[in-house]
Amino acid sequence: MQILEQLPEEYFRIDHYDFDEENYQAKFYYSQVGGKIGNGESLDFCETVQFVKPSQERMNAIRADFNYQIQLNYALTLATFLIGTSYYKTRPTKAIVADNLFWSDQTDLFEYAYQEGLSQFAYENHLTRADLATLYINPVAILDKIMPGPRPFSGRGILALQSGGKDSILTASLLNEKNLPWTALYISSNGNSHPEVIDQLGAKKVQVVERNIDTKKLEESSAQGGLNGHVPVTYINMAIALVQAIINGDNKILTSIGHEGEEPHTVIKSPIESGLRDLPVNHQWSKTWQAEQLFSKFVSDFISTDIKVGSLLRQYSELKIAELFAERCWEKYNKSFSSCNQSNYRQGKDNSKLHWCGKCAKCANSYLLFAPFVSAKNLNSVIANKNGSLFQDIEIANIFKGLLGIDDQIKPFECVGEIAELRCAYHLKQPDYPDLPFDVPQSGYDYSQTYLHQNLGI
């Protein structure tokens with residue numbers, strides 16, 4: 001972190017948020033002045049997030065809870081920082097100004113989010129770590145800043161993020177096996193809609209939070225030469241879920257993330273004279289164990305040690321998760337779940353029924369992961385294309401090469417397994433699958449090993 005003596009000519013301002021406690025709607029404000037693209041003009045953004053209004057009983061409890069306003073404020077401030085990555089990327093500057101939003105002990109979280117969290121964006125736009133921002137703070141803005149510690153949280157309940165993919169459905173199954181009541185949360189950019197499969201998972205209720213991205217201003221920026229690319233969307237969803245959990249009175253916020261994101265796709269080198277670390281390029285940094293720890297530390301340091309945020313699946317490899325899904329969930333959900341991002345989850349697209357395209361990296365990755373545990377006949381009836389088995393489709397052979405580390409093909413920028421893990425899956429595939437049209441090296445990967453994870457008390 002650096003202290004800003006005066007405003008630079010180019011900066012991104014994380015401005016403020018407004019929260020309407022009558023309608024439970026939040027507005028997040030940002031402005032971009034100058035930047036990698038542009039000539040000093042300002043561009044303002046405003047994103048609206050519609051949270052789910054609590055019951056009257058919960059509203060009465062909120063009014064009597066002295067700590068609620070502070071905890072909600074800190075959660076909304078965290079959301080303001082992380083949602084800001086969606087707008088900062090249009091004109092990346094070396095300075096982020098945050099006059100009203102600041103915690104000196106938590107700058108690692110913010111700087112990692114705006115650097116490691118934007119590494120794929122940097123790679124695809126030919127940027128280096130030096131082009132991405134360090135958090136700058138105007139010292140005048142923090143002279144009278146009160147920094148209270150965490151406060152007791154009186155709520156008890158489980159809020160589980162849901163997408164309709166294999167990982168989140170497995171989390172639902174594990175909660176149901178323990179007879180634990182839980183609430184499903186879906187974050188939508190397409191109004192108050194959600195995948196129908198979420199209604200079948202046994203949650204006591206399903207909540208949909210509507211995220212209204214400022215697409216008009218993003219399109220305006222793009223027309224002026226602004227940049228685009230991947231942002232740490234998992235972090236954004238975690239922050240939104242944290243706010244909804246505090247509104248609900250839920251003290252456990254569950255993601256569904258296994259051991260993933262630890263293997264970079266490539267590395268952006270930093271010049272030795274810069275003194276900066278190289279930047280690992282990682283599509284899914286905000287799904288890593290490091291990211292979960294940073295987020296959890298923020299919650300425990302500033303909101304409440306009673307609130308836990310993390311994944312029940314963190315200890316498992318992706319291949320182990322596929323095995324558990326095949327055992328517990330395949331029979332019931334094989335026709336209604338999907339992990340394909342090409343056919344689903346896009347802005348403006350109806351996601352009520354989920355599909356597989358059979359042509360993308362997520363489909364190929366899922367095909368590899370399920371091949372040891374599901375017969376070819378059954379898997380081809382779910383993830384298929386005109387050629388039947390994906391292993392026989394020459395059009396996606398290079399995708400498989402990237403996933404399996406063959407012929408120097410870069411691993412696809414998607415949430416996919418590690419190379420050694422996917423090689424292991426390929427060689428464990430059931431005998432009714434055909435071979436790929438190229439040799440795949442053997443792997444000694446132990447997919448049943450366990451990894452570091454939080455004790456979430458579940």
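What follows draws every value from the coordinates through simple rules; no lab data is involved. Since this is a predicted model, take the numbers as computed values, not measurements. Neighbour counts run over all protein chains shown; Cβ positions are idealised from the backbone, glycine included.
Under a straight-distance cross-link criterion of Cα-Cα below 16 Å, which lysines are reachable from residue 359, leaving out those fewer than 8 residues away in the same chain?
Of all the lysines, those that pass the test against residue 359 - Cα under 16 Å, at least 8 places apart if same chain - are 386, 401, 411.
Arranged from highest to lowest average of other beta-carbon atoms within 10 Å per residue, in what order do the peptides 267-273, 157-163 appear?
Values: 267-273: 11.6, 157-163: 23.6.
The packing order, highest mean first, is 157-163, 267-273.
Give me the net charge of residue 328's neighbourhood, meaning all other residues with Cβ under 11 Å from the Cβ of residue 328; Lys, Arg count +1, Asp, Glu -1. Don't skip to the end; give the middle numbers.
Details: positive: 166, 332; negative: 177, 323, 327, 331.
So the surrounding residues net to -2.
Find how much the distance from residue 73 to residue 378 grows on full extension, using 0.36 nm per residue of separation minus their present alpha carbon separation; answer in nm with one decimal. List each step's numbers first, then the result.
Values: separation 305, 0.36 × 305 = 109.80 nm, distance 4.88 nm.
Working it through step by step, the gained length comes to 104.9 nm.
Provide the per-residue ³J(HN,Hα) series for segment 320-335, in order, calculated from phi with Karplus coefficients 6.51, -1.76, 1.60 and θ = phi - 60°, each as a whole number of Hz, with x at glycine and proline positions.
5, 4, 4, 5, 5, 5, 4, 6, 9, 10, 4, 4, 7, 10, 4, 8
For a quick check: with amide H placed at 1.01 Å from N, whose amide H comes under 5 Å from residue 207's, ignoring anything fewer than 5 positions away on the same chain?
So residue 207 has HN proximity to 184, 185, 186.
In Å and from the alpha-carbon atoms only, list the Rg and Dmax of segment 336-428.
13.0, 39
Once the chain is represented by equal point scatterers at the alpha-carbon sites, with solvent omitted, what log10 I(q)/I(0) does the Debye formula produce at q = 0.11 Å⁻¹?
Log-scaled intensity ratios, in q order: -0.91.
For segment 110-120, what does the Karplus curve 6.51 cos²θ - 1.76 cosθ + 1.60, with θ = phi - 60°, yield as ³J(HN,Hα) per residue in whole Hz, taken in order and with x for Gly and Pro?
Coupling constants for segment 110-120: 5, 5, 5, 4, 8, 10, 4, x, 10, 5, 5 Hz.
How do 356, 330 line up, fewest other C-beta atoms within 10 Å first? The partial results should precede the final answer.
Working: 356 22, 330 19.
Ordered from fewest to most neighbouring Cβ atoms within 10 Å, 356, 330 come out as 330, 356.
Using a 10 Å cut-off around each Cβ, can you sort 289, 182 from fewest to most neighbouring Cβ atoms?
Values: 289 19, 182 24.
Sorted ascending by nearby Cβ count, the order is 289, 182.
For segment 307-379, what is the relative contact order in percent, using Cα pairs closer than 8 Å and at least 6 residues apart in sequence? Provide the component values of the computation, followed by the final result.
Details: 49 pairs, mean separation 22.3, N = 73.
In percent, rounded to a whole number, it is 31.
Grab the beta carbon distance between residue 16 and residue 327, set R0 = 45 Å, and tell me the FRET efficiency rounded to 0.05.
Details: r = 48 Å, r/R0 = 1.08.
Using R0 = 45 Å, I get an efficiency of 0.40.
How far, in nm, would the chain grow between residue 6 and residue 274 when pulled straight, counting 0.36 nm per residue and subtracting the alpha carbon separation?
Fully extending the segment from residue 6 to residue 274 adds 94.2 nm.
Under the rule of -39500 (n - 2.57) per DSSP H run of 4 or more residues, summed and divided by the residues of the chain, what mean residue ellipticity at 222 nm is obtained, to the nearest 500 deg cm²/dmol? Provide the component values of the computation, followed by the final result.
Details: 15 runs with 141 residues, N = 458.
-9000 deg cm²/dmol, from helical runs alone.
Just to be sure I understand the model, the point goes 7 Å from the Cα along the line to the Cβ. What's the resulting residue 126 to residue 176 distance in nm?
So the two model labels end up 5.1 nm from each other.
List, in the order given, every pair from 178/287; 335/362; 287/429 whose Cα-Cα distance in the structure shown is over 22 Å.
In this structure, 178/287; 287/429 lie more than 22 Å apart at Cα.
Note the angle between two axes, namely the Cα long axis of helix 68-83 and the longest principal axis of the Cα atoms of the chain, as a number of degrees from 0 to 90, rounded to the nearest 10.
60
Evaluate E = 1/(1 + (r/R0)^6) for residue 94 and residue 392, where r is the Cβ-Cβ distance and R0 equals 30 Å; express this FRET efficiency to the nearest 0.05. It would help to have the intermediate numbers written out before the result.
Details: r = 49 Å, r/R0 = 1.63.
E between residue 94 and residue 392, to the nearest 0.05, is 0.05.
How high is the relative contact order of segment 2-311? Use alpha-carbon pairs under 8 Å, at least six apart in sequence, and give a whole percent.
Computed over segment 2-311, the figure is 23 percent.
Can you give the net charge of the other residues whose Cβ lies under 9 Å from the Cβ of residue 458, counting K and R as +1 and D and E as -1? Write down the numbers at each step before the final one.
Numbers: positive: 178, 252, 308; negative: none.
My count for the surroundings of residue 458 gives +3.
Looking only at segment 365-386, which residues have a backbone nitrogen under 18 Å from a spot 7 Å from the Cα of residue 409 in the C-beta direction?
Only 365-371, 384-386 fall inside the zone, counting backbone N under 18 Å.
Once the piece of chain linking residue 430 and residue 216 is laid out straight, how much longer is it, given 0.36 nm per residue of separation minus the C-alpha distance between them?
Values: separation 214, 0.36 × 214 = 77.04 nm, distance 4.90 nm.
Result: 72.1 nm gained on full extension.
Got a sec to turn the phi values of segment 218-224 into Karplus ³J(HN,Hα) couplings, 6.51 cos²θ - 1.76 cosθ + 1.60 with θ = phi - 60°, whole Hz, x for Gly and Pro?
Values per residue, Gly and Pro as x: 5, 5, 4, 4, 4, 5, 8 Hz.
How do 59, 238 line up, fewest other C-beta atoms within 10 Å first? Kindly include the intermediate steps, with their values, before the conclusion.
Values: 59 13, 238 27.
Least to most surrounded, the residues fall as 59, 238.
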